[in-house]
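Heads up: the structure comes next, in structure tokens.
The values are calculated or read from the model by the stated rules, or taken from the named source; none is laboratory data. As the structure is a computational prediction, the values presented were derived from the model and not from experiment. Here the Cβ is made from the backbone with ideal geometry for all residues, glycine too, and neighbour counts use every protein chain on show.
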Amino acid sequence: MKSGSALTWRLIPNRYRLIGSHCETCKENFFPTRPVCPSCRRKGKMVEKKFKGEGKIYSFTTVQVPPEGFELEAPYVLAIVELSEGPRVTAQVVDCSENDLGFGTPVEMVFRKIQEEGKEGLIHYGFKFKIKK
Amino acid sequence: MQNFKTSKLETVYCVVVFMRRVAIVGVGMSKFGEHWEKGFRDLIIEAGVQALQDGNLKGEEIDALYGGTMAAGRLIGQEHITALIADYMGLNPIPATRVEAACASGGLALRQGFMAVASGLHDVVVVGGVEKMTDVSTAEVTTALGGAGDQEWELFMGATFPSIYALMARRHMKEYGTSVEQMAAVSVKNHLNAAKNKFAQFQKPVTLEEVLESKEVSSPLKVLDCSPITDGAAVVILASLEKAKKYSDCPIEIIASAQASDTIALHDRKSLTELKATQIAARKAFQQAGVSAKDVDVAEVHDCFTIAEIMAIEDLGFVEKGKGGKATEDGFTALNSDVSVNTSGGLKGCGHPVGATGVKQAVEITWQLRGKAGERQVKNAELGLTHNVGGSGATAVVHLFKKC
């Protein structure tokens, strides 16, 4: 999806540095940032939390038919990664094929280009993961 | 009515007292498929005219219109679609309301129509679902459908809908030993049913080998595990039971309507092998009607991917959690078996014009309960169910139907 630069700019803390939320009432962690704790609602107290970027593979697939903007990347490995602090995220896993992965394979965050909007459009960066050696 | 909010018990009592019974009096649908020669308005009008004829209605009896469409803005550049439909159907100036919940838009439009009649606000309403998907490229459709998930945190990362369901399939395979052959069995069954449905996009059966050898879309899902890109429309006309008897010799009563929501992103759910929204909507629907899953004779469930039907028959309570793959392989859901699932061919075989699907499910169940489903007729079908899902399960809606 084509997006304006403001959208990209305001998501930089989450996409570049894995900033999410922690609820001081129920102690649950959330990624990305959520203004309201879905469990505690008005009794919740959300504060900013930076995630370490370490986790384990929870599920994975290889995307053969990509959406717009990912044509040159396919096939690529896409996974749900469970961060060590609890929340799960959807992200690509790079420098491997799905044969190298299993449920629970340890992975770590890497900073990568995610997609670019044509030759003159924005270039979007963010997190992907690679197998932790 | 003045005591409506005095206590919870009383509220329940009032709902029971004031809800009117609602029935389907007319149904119609366009053929599902790739319609190069037909546009959005041609499709919905074709289905609408059929429904009016079927219900023996002139049009002036209709009080309101509810329309489900997911992505007309992305797919044909047209928003404000229910005003357009009312205009082209000659239904102005009745109120016309668009309902959107991704692939559950049609099911939710049906529920809005049901509530409008049940509440007593309207006596006769028309409910339509429509999607025109083949005017843009496959990549554009993939991107548009992606909007059913979390744009910023799933789609942005390169996820597609097949890949989101593939992530569920992988977990289901790990946790319950579900096999690719069991998933393929869903496709084989639904294509077999579709071949008996002249409105279906696919008119020929496929073999297990053909499914297993088809091109991979997102491992472990292959092309023949996925519902296709489809143009189509479906329409049902609802009336209060009292009025329904005037229009139809065989009105089909909607005996339950329930809906639930879950997280927009798949990764935020505790389990990837169940749709909580389906489980909750089903439980509420069965409670409303005072029946159970084992009473259902015929069901149209949301098989956008083969794994989705396996999870659906588990979450609806037809089989135990984890046994959906084996049950499908054993023929439990085949035509005229324990419960006939997706007799229309489902989303897989009949096609999936996203906004139309939820309404088409009600059309198929109506034909089945009237005993007019031809070659694919379920014997002695008395109780029918429809199950429509939005996205990866962020919305689910379940309806139950029976002959009056």
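Values computed for the structure shown
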quantity	calculated
Selected residue (criterion: surrounded by the fewest Cβ atoms within 10 Å (Cβ to Cβ)) from residues of the range B:35-70 that are more than 21 Å from the chain's Cα centre (by Cα) and of a type in the set (S, T, N, Q)	B:GLN53
Near pairs, Cβ below 6 angstrom, 6+ apart or cross-chain, from the range A:104-126 (assigned to a loop (DSSP other than H, G, I, E, B)) to any residue that is surrounded by 16 or more Cβ atoms within 10 Å (Cβ to Cβ) and at pLDDT 95 or above	A:GLY104/A:LYS56; A:THR105/A:ILE57
Some residue of the range B:264-287 being in contact with a strand residue (DSSP E or B) (Cβ under 7 Å, 6 or more places away or on another chain), of a type in the set (Ser, Thr, Tyr) and either farther than 21 Å from B:ILE164 by Cβ or part of a loop (DSSP other than H, G, I, E, B) (or both)	no
All helices (runs of 4 or more DSSP H) inside the range B:133-236 with 1 or more residues being within 22 Å of the chain's Cα centre (by Cα) and assigned by TED's automatic domain parsing to the domain that holds B:LEU335	B:161-176, B:180-194
Answer residue from the range A:76-98, given it is surrounded by 18 or more Cβ atoms within 10 Å (Cβ to Cβ) and touching an Asp or Glu at 6+ places or on another chain (Cβ under 6 Å) and is farthest from the other protein chains (Cβ to nearest Cβ) among those	A:VAL77
From the options B:GLY374, B:GLY384, residue that is buried (at least 24 other Cβ atoms within 10 Å of the Cβ) and over 12 Å from the mean Cα position of the chain (by Cα)	B:GLY384
Boolean, A:VAL65 is under 19 Å from B:ALA169 (Cβ atoms), part of a loop (DSSP other than H, G, I, E, B) and facing chain B (nearest Cβ under 10 Å)	yes
Enumeration of residues in the range A:83-103 that are of a type in the set (A, V, I, L, M) and in contact (Cβ under 8 Å) with a residue 40 or more places away in the chain	A:LEU83, A:VAL89, A:LEU101
Unique residue being more than 30 Å from B:ALA72 (Cα to Cα) and more than 14 Å from chain A (Cβ to nearest Cβ) when the list is B:VAL236, B:VAL206	B:VAL206
Out of A:PHE70, A:PHE103, A:PHE127, sole residue that is within 11 Å of another protein chain (Cβ to nearest Cβ), farther than 16 Å from B:MET157 by Cβ and in contact with a Phe, Trp or Tyr (Cβ under 8 Å, 6 or more places away or on another chain)	A:PHE103
Pair list, Cβ under 6 Å, 6 or more apart: the range A:19-34 residue without any contact (Cβ under 8 Å) to a residue 60 or more places away in the chain, other residue part of a strand (DSSP E or B) and of a type in the set (Ser, Thr, Tyr)	A:PHE30/A:SER21; A:THR33/A:SER21; A:ARG34/A:SER21
Flag for A:VAL47 being loosely packed, with under 14 Cβ neighbours inside 10 Å, assigned to a strand (DSSP E or B) and more than 13 Å from chain B (Cβ to nearest Cβ)	yes
Residue in the range B:292-306 that is assigned to a helix (DSSP H, G or I) and within 18 Å of B:ASN388 (Cβ to Cβ) present	yes
Residue among B:VAL211, B:VAL206, B:VAL186 that alone is within 21 Å of B:GLY345 (Cα to Cα), in contact with a Ser or Thr (Cβ under 8 Å, 6 or more places away or on another chain), crowded, with 20+ Cβ neighbours inside 10 Å and without any contact (Cβ under 8 Å) to a residue 24 or more places away in the chain	B:VAL206
Test: residue in the range B:203-213 that is under 30 Å from A:HIS124 (Cα atoms) and hydroxyl-bearing (Ser, Thr, Tyr)	no
Among (1) surrounded by fewer than 19 Cβ atoms within 10 Å (Cβ to Cβ); (2) touching a helix residue (DSSP H, G or I) at 6+ places or on another chain (Cβ under 7 Å); (3) at the interface with chain B (Cβ under 9 Å from one of its Cβ atoms), the one test that A:THR33 misses	(3)
Selection count, the range B:241-254, where residues are part of a strand (DSSP E or B) and surrounded by fewer than 20 Cβ atoms within 10 Å (Cβ to Cβ)	1
Unique match (being within 19 Å of B:THR143 (Cβ to Cβ) and either at pLDDT 95 or above or among the β-branched types (Val, Ile, Thr) (or both)) among A:ILE80, A:ILE57, A:ILE114, A:ILE131	A:ILE114
Single unsatisfied condition, B:PRO228 versus (1) more than 12 Å from every other protein chain (Cβ to nearest Cβ); (2) closer than 30 Å to B:LYS403 by Cα; (3) not acidic (Asp, Glu)	(2)
Hits in the range B:267-315 - residues which are over 22 Å from B:GLY149 (Cα atoms), in contact (Cβ under 8 Å) with a residue 60 or more places away in the chain and in contact with a Phe, Trp or Tyr (Cβ under 8 Å, 6 or more places away or on another chain)	B:VAL296, B:ALA299
Options B:LYS198, B:LYS189, B:LYS174; residue that is within 14 Å of chain A (Cβ to nearest Cβ) and modelled with pLDDT of 95 or more	B:LYS174
The lone exception for B:ILE164 - which of (1) out of contact with any Cys (no Cβ under 9 Å at 6 or more places or on another chain); (2) within 23 Å of B:LEU275 (Cα to Cα); (3) more than 14 Å from every other protein chain (Cβ to nearest Cβ); (4) touching a residue at least 40 places away in the same chain (Cβ under 8 Å) it fails	(3)
Residue check for A:LYS132: basic (Lys, Arg), surrounded by fewer than 21 Cβ atoms within 10 Å (Cβ to Cβ) and assigned by TED's automatic domain parsing to the domain that holds A:TRP9	yes
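Results for (1) closer than 14 Å to B:ALA23 by Cα; (2) crowded, with 17+ Cβ neighbours inside 10 Å; (3) of a type outside the set (Lys, Arg), shown as yes or no for each residue.
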| site | (1), (2), (3) |
| --- | --- |
| B:ASP87 | no, no, yes |
| B:GLU100 | no, yes, yes |
| B:GLY107 | no, yes, yes |
| B:HIS122 | yes, yes, yes |
| B:GLY128 | no, yes, yes |
| B:MET133 | no, yes, yes |
